[in-house]
Each structure stands twice: as C-alpha cells, then as structure tokens.
Amino acid sequence: MAAAEVLAALDAVLPAGAEGPVQLATLDTRAGEQGLREAAQRRGWPLTGHPATALAAVAVPGPSDRVAAAVGTPSVAEAAALLGGGRLVVGKTVHGRVTVAVARTEEDLRHHGDAELAPGLVDLAVNVRADAPPPWLRAVLHAALDASAAYPDAGPARRAVAAAHGRTDAEVLLAAGAAEVFTLLARSLRPRRAVVVHPSFTEPEAALRAAGHPVQRLLLRAEDGYRLDPAAVPPDADLVVLGNPTNPTSVLHPAADVAALARPGRVLVVDEAFADTVPGEPASLAARGDLPGLLVVRSLTKTWGLAGLRVGYALGPADLVARLAAAQPHWAVSTPALAALVACTGEPARAEAEDVARRTAADRAGLVAALPPQVAVVGSPASSFLLLRVPRGAQVRAELRARGWAVRRGDTFPGLSADHLRVAVRGPGTSRAFAAVLAEILDGMDAAEDPR
C-alpha cells in the first residue's frame, strides 16, 4: 500500500484536536514496508514493529480468528495500539486496504510494579528486597502473632521511632505503610495550590486527586538529570510533595536543596521510603524538627522485605501529626507491624540496614557495568533501582516478559515514556543474566532493522 493510503486512513480516524506525539506501531514483519515507512517519515512519527508473540499477549476488544491464524495475533491494529499502555479510543477500523486502531496513552497513577508480576517471572519490577525478611525479624513477627489477641498498643513503637530520629513522641505518626500517610494528608488538608514534583511515586497525586484536590505537576528535566531546582517550585504553593531518593529515577537530591523548600504556611512532604537504601542516609531530613511544615514519610518495606505487612511512619510538627492521626481509624497499625517497627528501628537493625545499603551500592554498580551499550542509565542512581532509557522500550519490555523477566514500565510516571524502564537491583548473578538477555533482545532488534 502507498504512503498516501496510510496517511488518509490515519487522518480519518485520529480524534479531532488530539494533542501530544503520535507513534505508529504494527507487526514487525510489516514495519519495513515502503508505504508505512514513508508515511512515518513524512509526518516525523516514530514507527515500531512488534513481534506477533508480544501482540498476542495483549487483550483486544475485536479479536479475529482469521487474523490470528494468518499472523499469530487476534488483532494487529488493536494490539499494537494498546501494547504501550493507555486506552483504546478508536477500535479496529478499515479504510480501503488499511486497518487502523488508536489508543491514547494516559498515566495510570495506580499502576505499581507488582502489576508486572506473574508466576515464573524473575522479579525486577518491584523495588524491594526480593527475599523474605531476615530470620531474626521473622522470629519477631511470629512472636507478635501470639500477642495479636489483644488490641494493638502503639506506644512502644512510637517511642522507638522517636528515639531513632531524635524526635518527641508527639512528632511521630505510625501508619499502615507510607501510602496511608498520603491518603491521610489528602483527607486532612485543604491546599490552595498543591504541587507534586515528578517523575516520582504516583500515590501522593492519586490520593490528592481522589480527595478532589487539583494538583499542579512540576516536571523535572532529563537534561538536568532529573535533579530538583528549588527555585522552580512556585512560591505560593502551600503543599509540596517530592521523593528523596526519588522513585523511579533513583536520584538523591541534596538535603540543602530539599530543606530550602520549607517555609511557614507550607506543608512540605518528603517521601523518604528509600532513604535507608543509601549508605549513611546523607540527604535525610528525618531528624530536622526545626524546619516549618516538614513531614518526612518513611517505610520499612524496602530494606526489610515487608511490603505485605503494611508498615511505615511519618515525622513532623506535633500539630500536623495530630491532625493526620485524627483522620485515622483506631488501631490503624497491627500488632505485628508495631513489633516490626520496634525491632527495625533499634541499633542492631539500623547497623544491618547500613550493611545492606553498602552491598546494594556495589550490586548497583555491577548492574550498570553489565548493561549493553544501547541502554542509557538515567541520572545518577543512588538507590536500590535504576531508571533505564531503552530504544523501543514497550517492545523490549514485552520481549523480556516473554523470556521470563518482569521490569517496571515507565510510562505511567508523569514525565516519562514507554522507553523508560525501572529495574530493581538484585544480586550479581541475577544482574548479569538480565543484562545478557537484554543485550540479546536489543542486538536482535538492531539486526532486524539493518537493511544490509
């Protein structure tokens, strides 16, 4: 088919007033056809070819047994449109010899790494320790089960957290995971101008929007290494949220830059869920009780492998903590979670966490060194995961999945694209195996595109 036919079909179905970049996608065996390539070149649109195996894994609303038998996927058009995420806005439509479907990619703020997992896949998608809690912590949890007939007593855990960070008990809010803190903020505050710094963990924005608060995004720039410029935050913002180190970029912002955002009349929320993955925690503000309106959110999930237990806390001014606590249900944190808080904030556990952070830094360097040359590591990673920029990222992610590897897609984070993949740091053997598979996939794609 000619380029003019392709463009006429596209122009007929693209929604009026559609904004943002347009990407063309089809079956890999068709991506080299002259008409498709010329159409893409005329408009300056990228053209991606996906293997039939990747397209066949995508659920489509208009499957065809005939198409499945011919090319191996029930719908090339709809599957190719949906592979990068988003929702279908134009179903499979035939214009002459061209079949077209259109999907609009939108960030799914509730999408998290666990959605990438499936039995048999190596988990690089969830950025927490892949193994179980250490034996001593498992013993603490087992003992706490025996004490669970009584209602939870939060006093010892609150005192332990306060002591660990040089705070008073009144400055400590215990919560069922860091995510609960963001929900409590959204329910308790009435910000006039809420600013969320992105790309970052999406739960704070999702919670604010669910509570009816408008949110302004401050998108950090790739050319700046996704580093924070304090001057870019609007002076009149009365609620500012950012992560440090930031998920998914793994960037650690200097403590002075983050502290510069604190001021009277503003609540500054710093998500430090990954702070203990950085040796020495050099940028943590957890002990800074002198900064007005600062609320630091912490989690036990990352280092101690406790995602399923739901345990975290926040540190901030006593009046703000009391306001958030008033929005909590009674006994919000379970007895095993409280026991974990006591155990994991003690000196022996904090020393072990420091050792884990140092090993993680070495493992991260090993992963970076093993990656193939086609892959760019975004920014200067400091935490237990990397953000990668990979050509034809959606296709690469599908191919990785087909070969038994789960990674976190990046296009659900505001400011990132389907070419961004977040990869958790694991042990050296796992990292080398992953890098080898990734190199095979990218080399195969390069060879398929080589016209010689």
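Readers should treat all values here as calculations from the given coordinates under stated rules, not as data from a laboratory. Nothing here was measured: the structure is a model prediction, and the numbers come from that model. All Cβ positions, glycine included, derive from the backbone under ideal geometry; neighbour counts span all protein chains shown.
Summary of values
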read-out: Pairs of Cα atoms farther than 18 Å apart, region 293-383, %; value: 62
read-out: DSSP H segments from the chain that extend 15 Å or more along their own axis, Cα-based, with Kyte-Doolittle mean of -1.0 or above; value: 3-13, 135-146, 155-165, 178-188, 347-370, 428-449
read-out: Simple Cβ-charge dipole of region 3-104, Lys/Arg +1 and Asp/Glu -1, about Cα centre, in debye nearest 20; value: 60
read-out: Cα centroid of region 417-436 to Cα centroid of region 100-155, whole Å; value: 19
read-out: Note, ³J(HN,Hα) from phi for region 374-391, Karplus 6.51, -1.76, 1.60, rounded to Hz, x at Gly and Pro; value: 6, 9, 9, 7, 7, x, 10, x, 10, 10, 8, 7, 10, 9, 10, 10, 10, x
read-out: Region 287-373, dipole about Cα centre (Lys/Arg Cβ +1, Asp/Glu Cβ -1), debye to the nearest 20; value: 200
read-out: Between region 209-266 and region 370-397, the alpha-carbon center distance in angstrom; value: 23
read-out: Per-peptide average of other Cβ atoms within 10 Å, ordering 191-204, 371-384, 138-151, 417-430 highest first; value: 191-204, 417-430, 371-384, 138-151
read-out: Net charge dipole size for the chain [Lys, Arg +1 and Asp, Glu -1 on Cβ; Debye, nearest 20]; value: 380
read-out: Within region 260-302, backbone nitrogen closer than 16 Å to the virtual label 7 Å beyond the Cα of residue 322 toward Cβ; value: 293
read-out: Charge sum, other residues only, whose C-beta stays under 11 Å from residue 340's C-beta, Lys/Arg counted +1 and Asp/Glu -1; value: +2
read-out: Angstrom value of the Kirkwood radius, inverse mean 1/r, which spans all Cα pairs in the chain; value: 23.8
read-out: Theoretical ellipticity at 222 nm over the chain - DSSP helices of four or more residues, -39500 (n - 2.57) apiece, nearest 500; value: -11000 deg cm²/dmol
read-out: Derived scalar couplings ³J(HN,Hα) [region 408-418; Karplus, 6.51 cos²θ - 1.76 cosθ + 1.60; whole Hz; x for Gly, Pro]; value: 8, 5, x, 6, 8, 8, x, x, 10, 10, 5
read-out: Protection proxy ranking of 87-97, 239-249, 73-83 - average other beta-carbon atoms within 10 Å, highest first; value: 239-249, 73-83, 87-97
